[in-house]
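Nothing in this text is a laboratory measurement; each read-out follows from the coordinates by a stated rule. If you're wondering where the values come from, they're calculated on a predicted model, not measured in any experiment. Because the Cβ atoms are built from the backbone with ideal geometry, glycine has one as well, and the counts that use them run over all protein chains shown.
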Amino acid sequence: MRNVFSLLGGLAAGALLGILFAPQSGEVTRAKIKALIQDKMPDISKERLEELVDEVLEKIGAKEKNIEAD
């Protein structure tokens, strides 16, 4: 379980940096995150994958707001 949290933390950090330095549409960003998760965790269900992507994007949005506020 710790590996999953580490993976999600790494995904969130990488996605945040990607958004900050190469802004793309949300659809493109979600597709990239989904592909990365599928590559790292091929046995995950589609529903759980979508939940994970949504969680990561929510965290990224919160971090973006914090950065913009600073």
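Quick rundown of the values:
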item: Label-to-label distance, nm, for residues given as Ser6 and Glu58 (7 Å Cα→Cβ offset); result: 2.5
item: Net +/- balance of residues flanking Val4 in space, Cβ distance below 14 Å, scoring K and R +1, D and E -1; result: 0
item: DSSP H segments from the chain that extend 18 Å or more along their own axis, Cα-based, with Kyte-Doolittle mean of 0.0 or above; result: 2-21
item: Length-normalised contact order of the chain in % [C-alpha pairs under 8 Å, at least 6 apart]; result: 42
item: Residue-count net charge about Arg30 - beta-carbon cut-off 10 Å; Lys, Arg +1, Asp, Glu -1; result: -1
